[in-house]
Every structure is written in structure tokens, then in C-alpha cells.
Amino acid sequence: MSPDLRYPALSDLKATCKRRVPWFVWEYLDSATGRESVKPRNRAELDKVLFRPAILRGAIVPDLSTRFLGQDYAMPVGVAPIGMSGLIWPGAEAALAGMAQGTRLPYCLSTVATRLPEEIGPIAGDMGWFQLYPPKDPAIRADILTRAHKAGFRVLVLTVDLPGPSRRERQLRAQLAIPPKLTPAMLWQIAQRPAWALGTLRHGQPRLRLMEDYLKLDGNAPSTAHPGYLLRAAPDWDYLHAVRALWEGPLVVKGVLDPQDADPLRAAGVDAIWVSNHGGRQFDGAPPALDALRQIRATLGPEMPLIYDGGIETGLDVLRALAFGANFTMMGRGWHYALGALGAQGGSHLAQILRDDMASNMMQMGITRPEQAATQGWAPSPAPES
């Protein structure tokens, strides 16, 4: 059966992914923190953004191509970084990087990926972005950035919304640590998911390979430290300035929700601001990302490039974010739902779903370019107080 008939929407891919990956993997991918209230808040705000259909416009031929940070992309959506991506589906980083290069979408590799920048950079080619979780050792930081640059990554994304670890209660109940330590219960779950298990045998046990390169070099690390120990840094403005001085290409700061931070970031030489509440994985008390996007755009005016993530599920959601001031959008979990459902081919299928949905909705709206959504959107007024 054609994937278009069996998996016409991301929700179909998500349901199949849940059946094909071990339970502890699903809990890692799908969970947030606390009561997980951020995820429905993100969804609710997106659903409030409505568009008036256009009539009598004649034939509409949508052009989804987007130029962002000096690069041309096929549409204004890309692959956000997810740590331990190769745990979710074996070979995930290479599969998504290859998909991104083939479909001309940006792919952002995480510092805590299961593959090295030197492996993934050549696959992503000019579509490669690299996300930096801030290591506390300046020498390690400088070396990682040098390696990312030499591997061909063009854009650097500094994630700043992790001053400390989150609890992620569902992940704790699943007994999953990062890096993973297998328990008898997890081995039983793996045995029930043969496609995932065989793929993991081929690709090797998921590990934080990049940080493993540095753990043995840190003389201050305790003997029991794991590779994630090196990332326990709470970045400040001096840290940002140091990263800006080290990285010659476009620099994006990810995890911004407060409009008061916007102007100082611009003054610090940041090339784009990534508005994100980390998909609810870090702080259950965060506001919906779309509301923050609207406020930050109002603060900065029209010129500063803004990226949005937070609940994107469809091409229509992409247009909703653009209507509220984003120049580009990113999706994390969705691409991994697609891999879990269809393996290495899942990313290409999801890209086609998003492309078709964007084009269909643009025709309804009577627009030919994605950025024109900003002139078509409207959000209903809140109900009057009783």
C-alpha cells in the first residue's frame, strides 16, 4: 500500500511509531516534564490562529521556497535537534541528514547525538546546522566548534534554556538514563520490537560519542562521571560572547521566550533568535511558544530573523507560525515519529506530507508565498468575562 494512503498525516506515523519502538524509547521521545501542560498549551495556541479563505483569485501556484540566513531551502521547515536521536531509531542522524540534503531542508545535529559531526556533516552537506549544548570547559567548547566547522556545518545553534536538568517523570518511570543502561525490563521490551532491535545491532548501542571523546581528557571529572557530565554548564552572557567570537558563520540562540531578552541578543551579534519552550521537556511552567513569538516579533520589528518551534504538526501549523512573525520553523519529534513508522524512508514521506499540506492551504488562502500568511491570519478575540 502506498505510504500516502496508509500514512496521510503525522498522526498516522505517530501511532505506528508507538507500536514499533520499545516502550522506554517511546517515553523518551514523546514525554515532557511535570504534568506535561506545555504540549497542549502549544497546540491550543496554534489552533487559535485562523485564516479567511480567499475566493475568485484564479489559479494559485504556491512557491514554498524560502531563503533564510543566506541559504535557499525548499520550504520554511527543518529538522530540530533531538539528543540521542539514534536511540529513537537506529541510524536516525544519518537518515535525517540524508533526507534533508535530498529535499533541501536544514538538519540540525545535536551535541548529544549518537554519531559524530565528522560522520554526519558530509551527509547533510550545505543543509547542516550544529546545535551546541554548552560544555563548561572552554577548551572543549573551542574544539567542538572547530570540529563542527571542519565537518561542514554552516549554522551554529546555541541552546540556552537548560540551566539545570529537568525531571521528565515518564522517562524516570521507564528507568531510562542518558546514556542508557539496560535493565531486564528494557531487554524484554526490545525483544518485542524486532525491527528496532535488529537495526540497533547493525548500528551499535547508542552512545554520546562526541562527549566520550572528551571525558578522558577532563582531569576534574569524577571516576563515575558519564559523558553528559561535561555539559553541566549554565551559560551566561559572557559565554554567549565567547561563542560568538569563536564561530564565524551564522549564530542562532535557541530557547528564547522573554521579549526582554530579544534586543540584548541582537546587540550581542546573534544572527537569528529561535523561539522555543523545548517542547515542554524542560519547564512545565513555560508559556506557549506562539504567544512568545508574537511578543518577540513586536519587540524587534520586522528585520530580525526568528525561528519557531513548539507543536508544529502540519503544513498549516507552519503557516500559522509565519503569520505570527516567524521566518522559519523547526520540528523535532515529528521526524522521529516518521522514522519509527517507516524507517529511513519516513523523513522523506513526512516532508512530502508537509509540502502538500502547505500548498493546499496556501491555495485556500489565495497566497503564492509562505510569508504572505502574515497578511491573512487572524486570531479570534477571547471570550468576554462573565
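The values are calculated or read from the model by the stated rules, or taken from the named source; none is laboratory data. Nothing here was measured: the structure is a model prediction, and the numbers come from that model. Every residue, glycine among them, receives a Cβ derived from its backbone with ideal geometry; neighbour counts consider all protein chains shown.
Tell me yes or no: at least one residue of region 323-336 is farther than 24 Å from A97 by Cα, in contact with a strand residue (DSSP E or B) (Cβ under 9 Å, 6 or more places away or on another chain) and part of a helix (DSSP H, G or I). It would help to see each step written out before you state the result.
Going through region 323-336, the residues farther than 24 Å from A97 by Cα turn out to be 323-325.
Checking the rest, the ones that are also in contact with a strand residue (DSSP E or B) (Cβ under 9 Å, 6 or more places away or on another chain) come to 323-325.
After this cut, where a residue has to be part of a helix (DSSP H, G or I) as well, the list is 323.
Among the residues of region 323-336, at least one is farther than 24 Å from A97 by Cα, in contact with a strand residue (DSSP E or B) (Cβ under 9 Å, 6 or more places away or on another chain) and part of a helix (DSSP H, G or I), which makes the answer yes.
Report yes if some residue within region 183-194 is within 23 Å of the chain's Cα centre (by Cα) and of a type outside the set (S, T, Y); otherwise report no. No, because not a single residue in region 183-194 is within 23 Å of the chain's Cα centre (by Cα) and of a type outside the set (S, T, Y).
Residue-by-condition table, conditions (1) modelled with pLDDT under 95; (2) acidic (D, E); (3) under 26 Å from R167 (Cβ atoms):
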{"site": "P40", "(1), (2), (3)": "no, no, yes"}
{"site": "R57", "(1), (2), (3)": "yes, no, no"}
{"site": "S65", "(1), (2), (3)": "no, no, no"}
{"site": "A94", "(1), (2), (3)": "no, no, no"}
{"site": "A97", "(1), (2), (3)": "no, no, no"}
{"site": "T103", "(1), (2), (3)": "no, no, no"}
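Consider region 234-272 and keep the residues that are surrounded by fewer than 16 Cβ atoms within 10 Å (Cβ to Cβ), hydrophobic (A, V, I, L, M, F, W, C) and closer than 25 Å to A292 by Cβ. The one that is modelled with the lowest pLDDT is A234.
Here is a yes/no grid of residues against (1) buried (at least 19 other Cβ atoms within 10 Å of the Cβ); (2) free of Cβ contacts under 8 Å to residues at least 60 places away in the same chain; (3) under 19 Å from L240 (Cα atoms):
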site	(1), (2), (3)
V77	yes, no, no
M84	yes, no, no
L109	yes, yes, no
A113	yes, no, no
L132	yes, no, yes
D143	no, no, yes
K150	no, yes, no
V155	yes, no, yes
E169	no, no, no
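Is at least one residue of region 339-360 in contact with a His (Cβ under 8 Å, 6 or more places away or on another chain) and buried (at least 24 other Cβ atoms within 10 Å of the Cβ)? For region 339-360, residues in contact with a His (Cβ under 8 Å, 6 or more places away or on another chain) and buried (at least 24 other Cβ atoms within 10 Å of the Cβ): absent.
Among the residues of region 35-49, at least one is surrounded by 14 or more Cβ atoms within 10 Å (Cβ to Cβ), aliphatic (A, V, I, L, M) and either assigned to a loop (DSSP other than H, G, I, E, B) or touching a strand residue (DSSP E or B) at 6+ places or on another chain (Cβ under 9 Å) (or both).
One residue alone among P206, P180, P163 is outside any helix (DSSP H, G or I), over 20 Å from the mean Cα position of the chain (by Cα) and closer than 23 Å to L231 by Cβ, and that residue is P180.
Anything in region 269-284 that is part of a loop (DSSP other than H, G, I, E, B) and either in contact with an Asp or Glu (Cβ under 6 Å, 6 or more places away or on another chain) or in contact (Cβ under 8 Å) with a residue 40 or more places away in the chain (or both)? List them, or say none.
Filtering region 269-284 for residues part of a loop (DSSP other than H, G, I, E, B) gives 269-271, 276-277, 281-284.
Correct list: D271, S276, N277, R281, Q282, F283, D284.
One residue stands out among those in region 304-338 that are surrounded by 24 or more Cβ atoms within 10 Å (Cβ to Cβ) and among the acidic types (D, E): the one that is nearest to Q131 (Cα to Cα), which is D309. Screening R207 against (1) modelled with pLDDT of 85 or more; (2) crowded, with 16+ Cβ neighbours inside 10 Å; (3) farther than 24 Å from R281 by Cα; (4) not small (G, A, S) leaves a single unmet condition, (3).
One residue is enough: does region 371-384 have a residue meeting the conditions within 17 Å of P8 (Cβ to Cβ) and either surrounded by fewer than 16 Cβ atoms within 10 Å (Cβ to Cβ) or touching an Asp or Glu at 6+ places or on another chain (Cβ under 9 Å) (or both)? Spell out how you get there, then give the answer.
Of region 371-384, the ones within 17 Å of P8 (Cβ to Cβ) are none.
No, there is no match, as no residue in region 371-384 is within 17 Å of P8 (Cβ to Cβ) and either surrounded by fewer than 16 Cβ atoms within 10 Å (Cβ to Cβ) or touching an Asp or Glu at 6+ places or on another chain (Cβ under 9 Å) (or both).
If we scan region 300-312, do we find a residue that is under 18 Å from A9 (Cβ atoms), in a helix (DSSP H, G or I), within 17 Å of the chain's Cα centre (by Cα) and not small (G, A, S)? The answer is no, given that none of the residues of region 300-312 is under 18 Å from A9 (Cβ atoms), in a helix (DSSP H, G or I), within 17 Å of the chain's Cα centre (by Cα) and not small (G, A, S).
Determine, yes or no, whether T200 is surrounded by fewer than 16 Cβ atoms within 10 Å (Cβ to Cβ), modelled with pLDDT of 90 or more and either of a type in the set (S, T, Y) or touching a helix residue (DSSP H, G or I) at 6+ places or on another chain (Cβ under 7 Å) (or both). Against the criterion (surrounded by fewer than 16 Cβ atoms within 10 Å (Cβ to Cβ), modelled with pLDDT of 90 or more and either of a type in the set (S, T, Y) or touching a helix residue (DSSP H, G or I) at 6+ places or on another chain (Cβ under 7 Å) (or both)), T200 does not qualify.
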